[in-house]
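Enquirer: Got a structure for you, written out below as structure tokens; questions coming shortly.
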Amino acid sequence: MSLPARVRIVEVGPRDGLQNEPRTVPVQIRAELVRRLADAGLAAVEAGSFVSPRWVPQMADTEAVLAALPPRPGVRYPVLVPNEKGLERALAAGAREIAVFAAASETFSRRNINCTVDESLARFAPVVARARAAGLAVRGYVSCVLGCPYEGAVAPEAVVRVAAALHAMGCYEISLGDTIGVGTPGRARALVKAVAREVPVGQLAVHFHDTYGQALANIYAVLELGVSVVDSAVGGLGGCPYAPGAAGNVATEDVLYLLHGLGIETGVDLDAVVDTAWWIAAALERAPASRVAHALRRRRG
């Protein structure tokens with residue numbers, strides 16, 4: 001099986017990463033993080049989300065973050081939107097791309113957004129339609145694709161149903177999220193094969209958490225199937241709220257080291273990402289959760 005010649009990295013650290021950090025990061029640091037990542041060559045950097053600051057205080061003032069990011073050719077700053085109210089805020093802030101999210105697990109959906117999976121899809125349909133009518137690109141996320149903290153294993157058919165529904169609404173890309181990081185390469189491959197029967201593999205992305213140290217192996221496994229979009233977070237930001245003390249998002253620099261070692265183009269400067277990982281880690285008063293960040297710092301002396 002052949003590997004893709006180029007992989008697009010979607011950097012989720014400033015959103016999915018920071019929203020799971022225990023401390024709230026000031027707007028100016030959040031904006032600077034996004035700018036540094038764009039400077040490193042990342043063409044898609046999640047800038048924040050328009051969820052209620054009551055529930056996710058780490059993402060308060062996303063409007064101010066976007067305002068601090070001047071337009072940059074070839075760089076997108078998607079934001080997460082949970083409902084029509086969030087979309088209104090995103091539109092008012094000048095967002096050009098949004099993301100919507102649904103879970104493959106009924107229990108996770110009820111616990112996370114207080115509605116069933118079907119209710120969540122019905123909620124997102126008008127959001128996607130209105131966003132697209134306004135000229136915005138819309139990306140879809142599916143959570144708990146390989147396991148749920150409440151239900152355990154999740155049937156591939158449940159993932160396929162949600163992914164296909166989001167795709168039918170008009171999401172240009174569907175990101176499959178292993179929210180608690182329990183996936184293994186064989187299961188990851190089987191899932192992508194199942195979803196690809198309904199959503200073209202060219203419109204699939206993967207979002208692996210590294211709770212059990214399997215994220216890189218999972219990424220390699222699905223690259224062989226033609227997946228060419230990978231979500232990651234600089235420095236492994238985020239942790240895992242459903243597995244206390246466990247690793248969170250796979251680190252962008254670890255993914256880059258893997259891809260570059262395979263001869264796959266990314267357009268991203270690994271050294272600049274490592275520098276950014278150490279910079280944001282210092283702001284959080286801890287070290288990056290990334291082996292590559294530590295190894296390259298030791299190599300540099």
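The values are calculated or read from the model by the stated rules, or taken from the named source; none is laboratory data. The structure presented is a predicted model; accordingly, all values stated were derived computationally and were not measured. Neighbour counts are summed over all protein chains in view; Cβ atoms, including those assigned to glycine, are modelled from backbone coordinates with ideal geometry. Heavy atoms of the whole protein, side chains included, go into the accessibility calculation; ligands, DNA and RNA do not. Shrake-Rupley method; radii C 1.70, N 1.55, O 1.52, S 1.80 Å.
Enquirer: Being touching a Ser or Thr at 6+ places or on another chain (Cβ under 8 Å) and on the phi < 0 side of the Ramachandran plot is the requirement here; does VAL199 meet it? Don't jump to the end; show me each part of the working.
Expert: Details: touching a Ser or Thr at 6+ places or on another chain (Cβ under 8 Å): no; on the phi < 0 side of the Ramachandran plot: yes.
So VAL199 fails the test.
Enquirer: Also: Looking at ILE180, is it within 17 Å of the chain's Cα centre (by Cα) and over 30 Å from ALA272 (Cβ atoms)? So that I can check it myself, show each step before the final result.
Expert: Values: within 17 Å of the chain's Cα centre (by Cα): yes; over 30 Å from ALA272 (Cβ atoms): yes.
Against the criterion (within 17 Å of the chain's Cα centre (by Cα) and over 30 Å from ALA272 (Cβ atoms)), ILE180 qualifies.
Enquirer: In addition: Got a sec? Which of ALA196, ALA133 is free of Cβ contacts under 8 Å to residues at least 24 places away in the same chain and either closer than 18 Å to ASP231 by Cα or out of contact with any Lys or Arg (no Cβ under 8 Å at 6 or more places or on another chain) (or both)?
Expert: Values: ALA196 fails: free of Cβ contacts under 8 Å to residues at least 24 places away in the same chain.
Answer to the selection: ALA133.
Enquirer: For the condition surrounded by fewer than 24 Cβ atoms within 10 Å (Cβ to Cβ) and closer than 30 Å to VAL154 by Cβ, what is the one hit in GLU46, GLU84? Talk me through it step by step, then tell me what you get.
Expert: On the way: GLU46 fails: surrounded by fewer than 24 Cβ atoms within 10 Å (Cβ to Cβ).
Selected residue: GLU84, the only one of GLU46, GLU84 that is surrounded by fewer than 24 Cβ atoms within 10 Å (Cβ to Cβ) and closer than 30 Å to VAL154 by Cβ.
Enquirer: Here is a further query. Would you point out the residue of the range 20-39, among those that are in contact (Cβ under 8 Å) with a residue 60 or more places away in the chain and surrounded by 24 or more Cβ atoms within 10 Å (Cβ to Cβ), that is nearest to VAL273 (Cα to Cα)?
Expert: LEU37
Enquirer: Kindly check whether there is at least one residue in the range 166-175 that is of a type in the set (D, E, K, R) and in contact with a strand residue (DSSP E or B) (Cβ under 9 Å, 6 or more places away or on another chain). Let's see the steps before the verdict.
Expert: Narrowing the range 166-175 to residues of a type in the set (D, E, K, R): 173.
Imposing the further condition that a residue be in contact with a strand residue (DSSP E or B) (Cβ under 9 Å, 6 or more places away or on another chain) reduces the set to 173.
The answer is yes; a qualifying residue exists.
Enquirer: Still on this structure: Taking the condition in a helix (DSSP H, G or I), over 23 Å from GLY248 (Cβ atoms), open to solvent by 40 Å² or more (accessible area, probe 1.4 Å) and small (Gly, Ala, Ser), does ALA190 pass? Steps first, answer last, please.
Expert: Values: in a helix (DSSP H, G or I): yes; over 23 Å from GLY248 (Cβ atoms): yes; open to solvent by 40 Å² or more (accessible area, probe 1.4 Å): yes; small (Gly, Ala, Ser): yes.
Here the answer is yes, as ALA190 does meet what is asked.
Enquirer: Can you tell me which residues in the range 101-119 are at pLDDT 90 or above and open to solvent by 20 Å² or more (accessible area, probe 1.4 Å)?
Expert: The first filter runs over the range 101-119 and keeps only residues at pLDDT 90 or above, leaving 101-110, 115-119.
Selection gives PHE101, GLU106, THR107, ARG110, THR116, ASP118, GLU119.
Enquirer: Note down all Cβ pairs under 7 Å where the first residue falls in the range 272-301 and is within 12 Å of GLY235 (Cα to Cα) and open to solvent by less than 50 Å² (accessible area, probe 1.4 Å), the second is in a helix (DSSP H, G or I) and of a type in the set (Ser, Thr, Tyr), and they're at least six residues apart or on different chains.
Expert: Close Cβ pairs satisfying both conditions: VAL273/THR252; VAL292/TYR257.
Enquirer: Let me ask something else. Take the conditions out of contact with any Phe, Trp or Tyr (no Cβ under 6 Å at 6 or more places or on another chain) and either part of a helix (DSSP H, G or I) or modelled with pLDDT of 95 or more (or both) and apply them to ARG89. Does it pass? Reasoning before the result, please.
Expert: Values: out of contact with any Phe, Trp or Tyr (no Cβ under 6 Å at 6 or more places or on another chain): no; either part of a helix (DSSP H, G or I) or modelled with pLDDT of 95 or more (or both): yes.
No; evaluated as a whole, the condition is false for this residue.
Enquirer: Further question on the same structure: Go through the residues of the range 240-247 one by one and say whether even a single one is in a loop (DSSP other than H, G, I, E, B), closer than 21 Å to ALA40 by Cβ and in contact (Cβ under 8 Å) with a residue 40 or more places away in the chain.
Expert: Residues of the range 240-247 in a loop (DSSP other than H, G, I, E, B): 240-247.
Filter again for closer than 21 Å to ALA40 by Cβ, leaving none.
Checking the range 240-247: not a single residue is in a loop (DSSP other than H, G, I, E, B), closer than 21 Å to ALA40 by Cβ and in contact (Cβ under 8 Å) with a residue 40 or more places away in the chain.
Enquirer: Taking only the range 255-301 into account, find how many residues are on the phi < 0 side of the Ramachandran plot and not in a helix (DSSP H, G or I). Lay out the reasoning, then the answer.
Expert: Filtering the range 255-301 down to residues on the phi < 0 side of the Ramachandran plot leaves 255-262, 264-266, 268-284, 286-300.
Then keep just the ones that are not in a helix (DSSP H, G or I); that gives 262, 264-266, 268-269, 284, 286-290.
Of the residues in the range 255-301, 12 are on the phi < 0 side of the Ramachandran plot and not in a helix (DSSP H, G or I).
Enquirer: Still on this structure, I have one more. Can we say SER143 is polar (S, T, N, Q), in contact with a Lys or Arg (Cβ under 9 Å, 6 or more places away or on another chain) and touching a residue at least 24 places away in the same chain (Cβ under 8 Å)? First the steps, then the outcome.
Expert: On the way: polar (S, T, N, Q): yes; in contact with a Lys or Arg (Cβ under 9 Å, 6 or more places away or on another chain): no; touching a residue at least 24 places away in the same chain (Cβ under 8 Å): yes.
Answer is no for this residue.
A quick yes/no check of all residues on (1) part of a helix (DSSP H, G or I); (2) at positive phi; (3) among the β-branched types (Val, Ile, Thr):
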{"site": "PRO53", "(1), (2), (3)": "no, no, no"}
{"site": "LEU69", "(1), (2), (3)": "no, no, no"}
{"site": "ARG72", "(1), (2), (3)": "no, no, no"}
{"site": "THR107", "(1), (2), (3)": "yes, no, yes"}
{"site": "ARG110", "(1), (2), (3)": "yes, no, no"}
{"site": "SER120", "(1), (2), (3)": "yes, no, no"}
{"site": "PHE124", "(1), (2), (3)": "yes, no, no"}
{"site": "ALA129", "(1), (2), (3)": "yes, no, no"}
{"site": "TYR150", "(1), (2), (3)": "no, no, no"}
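Enquirer: Pick from ARG161, ARG72, ARG139, ARG132: which is open to solvent by 30 Å² or more (accessible area, probe 1.4 Å), within 30 Å of VAL268 (Cβ to Cβ) and modelled with pLDDT of 95 or more? Write out each step before concluding.
Expert: Values: ARG161 fails: within 30 Å of VAL268 (Cβ to Cβ); ARG72 fails: modelled with pLDDT of 95 or more; ARG139 fails: open to solvent by 30 Å² or more (accessible area, probe 1.4 Å).
On inspection, the qualifying residue turns out to be ARG132.
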